[in-house]
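Trainee: What follows is a structure written as structure tokens; I'll ask about it next.
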Amino acid sequence: MTYYIEKQRFDYSLDHIRDDIASAKVGEGVVEIKGKKYSTVGLRIAKLREYFGTNIATEFIVHENTDDKVMVECRINLTLETGPQFLANGFAEKKRSLNFITKTAALEFCQTTALGRACAGLGIIGDHNIASAEEIYGAKDDSNKKAEVDVI
């Protein structure tokens, strides 16, 4: 009976997270790219934390980290009275030579992408787009462009 009650509470909270993200506006954790709206990974994880606090745990597993490419898995678990419960996972793989972002921060980019995809596995996607804003922006191949860096 306890598991059933915990599952009902989880489903209820997850529905609220989905509604919050679906109703979020551009500039409030949502960006518009080529006419489509994408929620940011920051918004997705912030909503998970808002509703579940530290009962949500993210685990990152680096499957590959070479000079050529990086592959990361993110696993999301929920801590219940009965113990940790696996909820979803997401993977990201990028070639380091793809663009400026992957040349300078491939591991971090894959970590963010994998987290966004794990959230998408829970249905936390916003406007029916599994990819996050960061993933769409970072997927653009700009390897032939000179990097623009702001100096502070």
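Trainee: So residue 54 passes all but one of these: (1) closer than 23 Å to residue 77 by Cβ; (2) within 18 Å of the chain's Cα centre (by Cα); (3) surrounded by 13 or more Cβ atoms within 10 Å (Cβ to Cβ). Which condition number does it fail?
Mentor: (3)
Trainee: Something else: Looking at region 6-30, which of the residues that are in contact with a Lys or Arg (Cβ under 7 Å, 6 or more places away or on another chain) and over 24 Å from residue 86 (Cβ atoms) is surrounded by the most Cβ atoms within 10 Å (Cβ to Cβ)? Give the steps one after another, and end with the answer.
Mentor: As a first pass, look at region 6-30 and keep what is in contact with a Lys or Arg (Cβ under 7 Å, 6 or more places away or on another chain): 17, 20-21, 26, 30.
Narrowing the set further to residues that are over 24 Å from residue 86 (Cβ atoms) leaves 26, 30.
On the way: 26: 10, 30: 19.
Going through the qualifying residues, I end up with 30.
Trainee: Could I ask something else about it? Would you confirm whether or not region 30-38 contains a residue that is touching a residue at least 12 places away in the same chain (Cβ under 8 Å) and small (Gly, Ala, Ser)? Walk me through it before giving the result.
Mentor: Going residue by residue through region 30-38, those that are touching a residue at least 12 places away in the same chain (Cβ under 8 Å) are 30-31, 33, 36-38.
From what is left, the residues that are small (Gly, Ala, Ser) are none.
No, every residue in region 30-38 fails to be touching a residue at least 12 places away in the same chain (Cβ under 8 Å) and small (Gly, Ala, Ser).
Trainee: Based on this model, can you work out whether residue 82 counts as polar (S, T, N, Q) and at pLDDT below 95? Before you say what the answer is, go through the steps one by one.
Mentor: Details: polar (S, T, N, Q): yes; at pLDDT below 95: yes.
So residue 82 passes the test.
Trainee: Among the residues of region 57-64, are any crowded, with 19+ Cβ neighbours inside 10 Å and either in contact (Cβ under 8 Å) with a residue 60 or more places away in the chain or within 18 Å of the chain's Cα centre (by Cα) (or both)?
Mentor: Of the residues in region 57-64, the ones crowded, with 19+ Cβ neighbours inside 10 Å are none.
Checked region 57-64: no residue is crowded, with 19+ Cβ neighbours inside 10 Å and either in contact (Cβ under 8 Å) with a residue 60 or more places away in the chain or within 18 Å of the chain's Cα centre (by Cα) (or both).
The values are calculated or read from the model by the stated rules, or taken from the named source; none is laboratory data. What you see is a predicted model, and the numbers here were worked out from it, not measured in a lab. Virtual Cβ from ideal backbone geometry, glycine too; neighbours counted across all protein chains shown.
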